[in-house]
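Undergrad: Please find one structure pasted underneath; my questions will follow.
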Amino acid sequence: MTTLKLSKKPADAAVTAKKAPVRRSSAVTRDRTTTAVKTQRAEAQQSQANRPARAEREQRPSAPENNGAPRQRNHRHDGGLHEPSSAPARQPAPDSRAPSSRPMHVDARRNDTTSRDKADREGAYRNPPRRGGKARDGFVASEFDKTRSNKEAFATRANASQPEQPRLSKVMAERGICSRREADEWIANGWVKVNGEIIETLGTRIDPDAEIIISSYAHETQAENVTIILHKPVGYVSGQAEDGYEPAVVLVHPDNQWPDDPELHHHNPKQFHRGMLRGLAPAGRLDIDSTGMLVLTQDGRVARHLIGEDSTVEKEYLVRVTGELSDAGLKLLNFGLSLDGEKLKPAKVSWQNEDQLRFVLREGKKRQIRRMCEMVGLHVVGLKRIRIGSVTLGKLPVGQWRYLRADERF
């Protein structure tokens with residue numbers, strides 16, 4: 001590999017000739033130990049411009065927060081300075097213009113005239129961060145913070161003496177208009193008026209005595225809801241499938257409809273369709289080893305009436321038992337027993353025949369009748385529900401169903 005060394009020679013010697021230095025007109029050499037005249041003029045102008053601000057700072061007393069320490073960058077929520085560091089503070093240079101007997105300021109941190117309150121009075125304090133400050137950091141709530149009611153986060157909360165108003169859906173359910181689920185659906189569809197105003201926002205709270213008007217569309221939808229009476233056989237669960245057992249709702253199909261159902265012989269009979277199964281739920285339980293009347297409904301009013309917390313609807317059962325029952329035991333079955341730490345409501349229990357009891361209850365705890373019988377020395381071998389309210393099972397065969405008639409009420 002060959003390396004070529006190129007030397008650049010100027011074409012014109014005049015171009016490469018060095019420019020002569022600029023010389024002063026005076027031969028006197030400038031004294032480098034003093035400031036130039038131009039620099040002295042600039043410093044004088046700057047000093048004159050800063051003189052009013054310097055005089056104002058000298059007249060204003062030093063802030064008690066820093067105790068003469070140099071001011072540092074502030075990041076506190078309350079507008080005050082950071083805590084002084086443990087390092088010794090740098091003493092300010094003596095000023096000949098200040099009086100020699102200058103009083104020492106004591107630390108007056110967190111007194112009644114904090115920097116934040118002063119800024120609020122002067123109107124110079126900006127909107128503080130939303131999270132505010134901590135009391136341990138010296139946060140002082142000003143009147144500005146206490147009156148920010150236009151923001152939801154700082155709105156006045158209801159106290160114990162002024163409880164929150166109930167939700168619209170709850171009021172509708174308590175008045176027996178519909179269930180809460182139906183109320184939410186109607187509100188979303190714009191079918192509910194409160195005091196003449198259409199409500200379309202879920203969770204709206206209203207006055208408990210407010211006037212509620214329901215659209216005819218909601219009434220038409222509610223009229224399409226069905227309620228079915230099913231004679232549940234043994235081996236089916238009332239609700240969701242469990243332990244391999246099918247729910248009773250699987251029996252609701254056209255092949256199992258009772259041939260003597262009055263709705264089939266009506267001049268305008270109901271036609272079964274799959275939409276009737278949507279939202280069809282049991283209104284009350286019946287044990288897997290029990291049989292009898294089970295109510296399945298799409299109507300939230302019916303469900304609330306039968307199984308609501310304040311429900312008092314009677315339910316009648318025929319119970320076949322084995323064992324000996326004394327008069328004292330029969331009295332306990334009527335009233336005096338407790339289950340799960342709660343005293344049972346009064347019941348009506350009597351002999352139907354020599355081996356069968358008749359129970360009439362106004363509550364329905366889990367396996368209540370069987371547990372009651374065990375407590376008085378009886379064993380249940382068969383249980384059948386024959387009535388709920390004023391609706392009876394009648395001649396409905398096991399495993400078949402019928403519609404609740406228009407003239408029937410629980």
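The values are calculated or read from the model by the stated rules, or taken from the named source; none is laboratory data. Just so it is clear, the structure is predicted and the values come from calculations on it, not from any experiment. All Cβ positions, even for glycine, are placed from backbone atoms using ideal geometry, and neighbour counts span all protein chains on display. Note: areas computed on protein heavy atoms with side chains; ligands, DNA, RNA excluded. Shrake-Rupley method; radii C 1.70, N 1.55, O 1.52, S 1.80 Å.
Undergrad: Using only the Cα atoms of segment 273-410, each taken as one equal point scatterer with no solvent, compute I(q) by the Debye sum, divide by I(0), and report log10 of the ratio at q = 0.16, 0.18 Å⁻¹.
TA: These q points yield log10 I(q)/I(0) values of -0.88, -1.07.
Undergrad: If you take the beta carbon distance between ARG181 and HIS379 as r and set R0 to 51 Å, what does 1/(1 + (r/R0)^6) give as a FRET efficiency, to the nearest 0.05?
TA: According to the calculation, E is roughly 0.80.
Undergrad: Kindly give Rg over Rh for segment 251-330, based on alpha-carbon atoms, with the Kirkwood expression for the hydrodynamic radius. Before the final figure, lay out the partial values.
TA: On the way: Rg = 17.6 Å, Rh = 16.2 Å.
Ratio of gyration radius to Kirkwood radius: 1.09.
Undergrad: For segment 206-285, give the percent of accessible area contributed by carbon and sulfur heavy atoms, probe 1.4 Å, rounded to a whole number.
TA: Carbon plus sulfur share of accessible area: 48 percent.
Undergrad: Of the listed pairs LYS232/LYS348; LYS170/LYS232; LYS232/LYS270; LYS170/LYS331; LYS170/LYS270; LYS270/LYS348, which have alpha-carbon separations greater than 28 Å here?
TA: Working: LYS232/LYS348 24 Å; LYS170/LYS232 32 Å; LYS232/LYS270 22 Å; LYS170/LYS331 40 Å; LYS170/LYS270 32 Å; LYS270/LYS348 38 Å.
Those over the limit are LYS170/LYS232; LYS170/LYS331; LYS170/LYS270; LYS270/LYS348.
Undergrad: Further question: Quick one: what are the phi-derived ³J(HN,Hα) couplings along segment 189-201, Karplus 6.51/-1.76/1.60 with θ = phi - 60°, whole Hz, x for glycine and proline?
TA: Along segment 189-201, the couplings run 7, x, 9, 10, 10, 10, 6, x, 10, 6, 9, 10, 9 Hz.
Undergrad: What's the ranking of 215-221, 247-253, 290-296 by average number of surrounding C-beta atoms within 10 Å, highest first?
TA: In decreasing order of mean packing, 215-221, 247-253, 290-296 become 290-296, 247-253, 215-221.
Undergrad: Then there's this: How large is the translational diffusion coefficient of segment 244-288 in µm² per second when you combine the Kirkwood radius over alpha carbon pairs with Stokes-Einstein at 25 °C and 0.890 mPa s?
TA: Once the numbers are plugged in, D ends up at 194 µm²/s.
Undergrad: Something else: So, in nm, how far is label GLU246 from label ARG320 when the simple model puts each one 7 Å beyond its Cα toward the Cβ?
TA: In this crude spin-label approximation the distance works out to 2.4 nm.
Undergrad: Just subtract the alpha-carbon distance of LEU264 and LYS348 from 0.36 nm times their residue separation and send over the number in nm, one decimal. Walk me through the intermediate numbers first.
TA: Details: separation 84, 0.36 × 84 = 30.24 nm, distance 3.63 nm.
Between LEU264 and LYS348, full extension yields 26.6 nm more.
Undergrad: Using a Förster radius of 41 Å, what is the FRET efficiency between ALA406 and LEU339 based on their Cβ-Cβ separation? Nearest 0.05, please.
TA: 0.65
Undergrad: OK, next. Rolling a 1.4 Å sphere over the protein heavy atoms, what is the accessible area per residue of segment 229-325, to the nearest Å²?
TA: Result: 54 Å² of accessible area for each residue.
Undergrad: Convert each backbone phi in segment 240-255 into a coupling constant with the Karplus relation 6.51 cos²θ - 1.76 cosθ + 1.60 (shift: θ = phi - 60°), then list the ³J(HN,Hα) values in order as whole Hz, x for Gly and Pro.
TA: 5, 4, 8, 6, x, 8, 7, x, 5, 5, 5, 7, 8, 8, x, 5
Undergrad: Return the Rg/Rh value of segment 344-410, two decimal places, where both radii are evaluated on C-alpha atoms and Rh is the Kirkwood radius.
TA: Rg divided by Rh gives 1.00.
Undergrad: Considering amide H positions built from the backbone, and no H for Pro or chain starts, which residues 5 or more places from VAL381, or on another chain, come under 5 Å of its amide H?
TA: HN-HN under 5 Å from VAL381: ARG320, VAL321, THR322.
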